[in-house]
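S.K.: So that we are looking at the same thing, I have put the structure below in structure tokens.
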Amino acid sequence: LTQAQKGHRVLLAKQLLEWLNFARRSEYEFILTSDSSLVLYSYPNAGKWAPKGTPREEHERTTVASLKSMLTVIFSGKKVWLVDFLPHEIKMNSHVYIDRVLGPTMDAIEDVYPELDREVLLHIDNSPVHNSRMSRSYVKDSSLYRIEHPAYSPDFLPSDFWLFGNLNESMKGWHFQEQGQLENFVRGWLAGQSEAKLRSVFEEWRDRCHAVANSDGSYIF
């Protein structure tokens, strides 16, 4: 990290900490964090030690051609709001992001809180799709209020320090033959995350932001 990048990390960590302290008053009910990641159809167990002369278990090598699907998740300290698997034939762009991610999330929020009279914080990174004029305009015209995440900062990004790593760990040893099987597993795993667990993730996020905000901006892994 350059000094400028470290300084930016500290600045945004302080801003995030303020938002999280505010959201903590309502147990992180009205702050959403969102991210996307590729999930594979096959997660072989890590290699195990075997005595000399014994056959080793063969695993399928993971390559760029391995079957995978783009997963997007949005969750708060109370619940998982959105689980979306992007169809293989569709490429993510601003239209798709609004139609498949932002729009359904807003519909779900309005169903649960039909008389909501406050903004809901939305924490997303600076990907081109998130930063497009169309996406920014949609957020601005909705009851969402965007809070940003600094680049090169997976150490205080909930999807990195918790969500996708833990999900991938739970999938070790599984081999899915089709998209539906993969989706059912992921949705089941996410449905099994209790409110207490989600709240603890936000508490850890707050602690990590505090650590970065009170440092020189170096990684806190």
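S.K.: For the stretch 167-221, how many residues meet the condition of being over 18 Å from the mean Cα position of the chain (by Cα) and among the charged types (D, E, K, R)?
M.R.: Qualifying residue count for the region: 3.
S.K.: Counting only residues that are in contact with a strand residue (DSSP E or B) (Cβ under 8 Å, 6 or more places away or on another chain), free of Cβ contacts under 8 Å to residues at least 60 places away in the same chain and of a type outside the set (Lys, Arg), give me the helices (runs of 4 or more DSSP H) lying completely in the stretch 69-148 with at least 2 of them. First the steps, then the outcome.
M.R.: Numbers: elements: 94-97, 103-112, 128-131, 133-141.
Filter on the stretch 69-148 gives 103-112.
S.K.: Hey, another quick one. Given the structure, is residue 153 within 30 Å of residue 5 (Cα to Cα), surrounded by 14 or more Cβ atoms within 10 Å (Cβ to Cβ) and free of Cβ contacts under 8 Å to residues at least 60 places away in the same chain?
M.R.: Working: within 30 Å of residue 5 (Cα to Cα): yes; surrounded by 14 or more Cβ atoms within 10 Å (Cβ to Cβ): yes; free of Cβ contacts under 8 Å to residues at least 60 places away in the same chain: no.
Judged against the criteria, residue 153 is not a match.
S.K.: Quick one: residue 135 ticks every box in (1) touching a Phe, Trp or Tyr at 6+ places or on another chain (Cβ under 8 Å); (2) under 24 Å from residue 191 (Cα atoms); (3) of a type in the set (Gly, Ala, Ser) bar one, so which box is it?
M.R.: Every listed condition holds for residue 135 apart from (2).
S.K.: Step by step: first the residues of the stretch 175-221, then only those that are of a type in the set (Ser, Thr, Tyr) and touching a residue at least 24 places away in the same chain (Cβ under 8 Å), then the one that is farthest from residue 124 (Cα to Cα). Which residue is that?
M.R.: Step one: of the stretch 175-221, the residues of a type in the set (Ser, Thr, Tyr) are 194, 200, 215, 218-219.
Within this subset, residues satisfying the condition of being touching a residue at least 24 places away in the same chain (Cβ under 8 Å) are 215, 218-219.
Working: 215: 23, 218: 21, 219: 19 Å.
Among those that are of a type in the set (Ser, Thr, Tyr) and touching a residue at least 24 places away in the same chain (Cβ under 8 Å), it is 215.
S.K.: If residue 179 satisfies all but one of (1) at pLDDT below 95; (2) polar (S, T, N, Q); (3) exposed (fewer than 14 other Cβ atoms within 10 Å of the Cβ), what's the number of the condition it fails?
M.R.: For residue 179, the exception is condition (3).
S.K.: How do the pairs read when you match residues in the stretch 34-54 that are modelled with pLDDT of 60 or more with residues anywhere that are in a strand (DSSP E or B) and β-branched (Val, Ile, Thr), using Cβ under 6 Å and keeping only pairs 6 or more apart or on different chains?
M.R.: 34/74; 34/124; 36/72
The values are calculated or read from the model by the stated rules, or taken from the named source; none is laboratory data. Computed from a prediction, not measured in an experiment: that's the story for all the values here. All Cβ positions, even for glycine, are placed from backbone atoms using ideal geometry, and neighbour counts span all protein chains on display.
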